[in-house]
1. In the range 70-79, what residues are touching a residue at least 40 places away in the same chain (Cβ under 8 Å) and out of contact with any Cys (no Cβ under 6 Å at 6 or more places or on another chain)?
2. Within the range 52-69, restricting attention to residues that are in contact (Cβ under 8 Å) with a residue 12 or more places away in the chain and assigned to a loop (DSSP other than H, G, I, E, B), which residue is surrounded by the most Cβ atoms within 10 Å (Cβ to Cβ)?
3. Can you tell me which residue in the range 76-116 is nearest to the chain's Cα centre (by Cα), limited to those that are open to solvent by less than 20 Å² (accessible area, probe 1.4 Å) and among the β-branched types (Val, Ile, Thr)?
4. Report whether or not ARG42 is in contact with a Leu (Cβ under 7 Å, 6 or more places away or on another chain), part of a helix (DSSP H, G or I), closer than 28 Å to LYS119 by Cβ and open to solvent by 40 Å² or more (accessible area, probe 1.4 Å).
5. Among the listed residues VAL23, VAL91, VAL86, identify the single one that is among the aliphatic types (A, V, I, L, M), assigned to a loop (DSSP other than H, G, I, E, B), more than 14 Å from SER4 (Cβ to Cβ) and at pLDDT 95 or above.
6. Does any residue in the range 1-17 that is open to solvent by 60 Å² or more (accessible area, probe 1.4 Å) come within less than 6 Å, Cβ to Cβ, of a residue that is modelled with pLDDT of 95 or more and part of a loop (DSSP other than H, G, I, E, B) six or more places away or on a different chain, and which pairs are these?
7. Name the pairs whose Cβ atoms lie under 6 Å apart, with the first residue in the range 25-51 and touching a residue at least 12 places away in the same chain (Cβ under 8 Å) and more than 24 Å from VAL74 (Cβ to Cβ), the second assigned to a helix (DSSP H, G or I) and open to solvent by 50 Å² or more (accessible area, probe 1.4 Å), and 6 or more positions between them or separate chains?
8. So THR73 ticks every box in (1) open to solvent by less than 60 Å² (accessible area, probe 1.4 Å); (2) in contact with a Ser or Thr (Cβ under 7 Å, 6 or more places away or on another chain); (3) not in a loop (DSSP other than H, G, I, E, B) but one. Which box is left unticked?
Amino acid sequence: FLSSAAPQTPQGTFVKGRVPNEVSVADAITASKLACARQVNRMKTYLGDLSKVKKIVFINGKVQSQSDFTNHTVVVDGCSTFLVNVFGEKVGKHARTSGGLTSLPFNVTIEVEIIVQRK
């Protein structure tokens with residue numbers, strides 16, 4: 001069980017703001033991929049090797065958004081696509097939930113939690 005990860009850029013800053021008025025949907029999708037990249041790095045650190053990942057079981061994506069925004073799944077698709085690209089269909093395809101909140105810790109745009117089955 002991996003606790004939530006926020007989107008951190010290669011420069012070390014976090015993507016912050018509400019979708020879509022402060023962060024565009026396209027930028028939020030990129031932020032979703034960045035959050036998942038942090039999770040993959042955590043997996044590698046903990047397991048020592050990504051080949052020890054048997055299955056990405058479940059992800060929960062929380063998007064900081066305006067109250068009338070309804071395309072949370074489009075944003076979280078960025079993470080899902082990223083995981084399938086890294087692990088392939090057999091290991092990377094997963095169940096998931098997505099939803100919106102009017103605020104997240106430290107004003108981050110998205111948080112992603114992941115459940116992984118290891119070999």
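The values are calculated or read from the model by the stated rules, or taken from the named source; none is laboratory data. Since this is a predicted model, take the numbers as computed values, not measurements. Quick reminder, even Gly has a Cβ in these numbers, built from the backbone with ideal geometry, and neighbours come from all protein chains shown. All accessible areas refer to the heavy atoms of the entire protein, side chains included, with ligands and DNA or RNA removed. Shrake-Rupley method; radii C 1.70, N 1.55, O 1.52, S 1.80 Å.
1. ASN71, VAL74, VAL75, VAL76, ASP77, GLY78
2. The residue in question is PHE69.
3. Filtering first and then ranking leaves VAL112.
4. Yes, satisfied.
5. VAL23
6. From the range 1-17, the pairs are PHE14/ALA6.
7. LEU50/LYS44
8. Unmet condition: (1).
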